[in-house]
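Here's the structure, in structure tokens; my notes come after.
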Amino acid sequence: MAHFAKLDSNNIVTEVVVVHNDVATSESAGVAFLNSMYKTNDTWKQTSYNTVAGKHKLDGTPFRKNYAAIGYTYDSTKDAFIPPKPYNSWTLDENTCQWEAPVEKPGGDNIYEWNEDTKSWDLVHQAGIG
């Protein structure tokens, strides 16, 4: 199945739909089908369900850095879908088009939450403690 993201005038994803591969034999065929079906002239971009952070989960060819979701932005210069920026202090990794905290998240099985005020990770739940 082929997945397509509908973009608004600011290149923000407003909808993601699935089109059968027999219809979406190419990106342009999928776009034509969707605009014909909805009787619109919307902007659609194909997106890969298996692409995350510039890598294909099934060892295929990554496509547009990330699978699109509502609220993501399509960057035509990078030809990539970028998730919303979670915090002001985070920066975009140009290779993955994912947002990164200014401090690396601690490893292990503990659960941490980002604290924007202190620019650090707060321990939320310690592994092994009920």
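FYI, it's all coordinate maths here, none of it is from the lab. No experiment lies behind these values; they were computed from the predicted model shown. As a convention, Cβ positions derive from the backbone with ideal geometry for all residues, glycine included, and neighbour counts pool all protein chains shown.
Restricting to DSSP H runs of at least four residues, report the calculated mean residue ellipticity at 222 nm for the chain, -39500 (n - 2.57) per run over all residues, nearest 500 deg cm²/dmol.
Only helices count here, giving -3000 deg cm²/dmol.
If exposed GluC sites (Glu not before Pro) are those in a DSSP loop with at most 15 other Cβ within 10 Å, what is the longest stretch of the chain that has none?
1-93
If I take the Cα coordinates of segment 1-70 and project them onto the principal axes, what are the three extents in Å, biggest first?
Sorted from largest, the Cα extents of segment 1-70 read 36, 30, 14 Å.
For the chain, what's the relative contact order in percent, using C-alpha pairs closer than 8 Å and at least 6 residues apart?
17 percent
Which residue, K78, K119, K45, tops the fluctuation ranking in a GNM of the chain built on C-alpha contacts under 10 Å?
Judging by the Gaussian network model, the answer is K119.
Would you please give the FRET efficiency between K119 and A69, computed as 1/(1 + (r/R0)^6) with r the Cβ-Cβ distance and R0 = 22 Å, to the nearest 0.05?
The calculated FRET efficiency here is 0.25.
Build a GNM of the chain with springs between Cα atoms under 10 Å: which of G71, G108, G30 gets the top mean-square fluctuation?
So, out of G71, G108, G30, the one fluctuating most is G108.
Treat the chain as a sphere of radius equal to its Kirkwood radius over Cα pairs and apply Stokes-Einstein at 37 °C in a medium of 0.692 mPa s; give the translational diffusion coefficient in µm²/s, rounded to a whole number.
Rounded to a whole number, D works out at 198 µm²/s.
Pairing the Cα long axis of helix 27-38 with the longest principal axis of the chain, what angle in degrees results, from 0 to 90 and rounded to the nearest 10?
On a 0 to 90 degree scale, this one is about 80.
I want to verify a result. In a Gaussian network model of the chain, Cα cutoff 10 Å, which of these has the top mean-square fluctuation: A80, A29, A68?
In this elastic network of the chain, the residue with the biggest mean-square fluctuation among A80, A29, A68 is A29.
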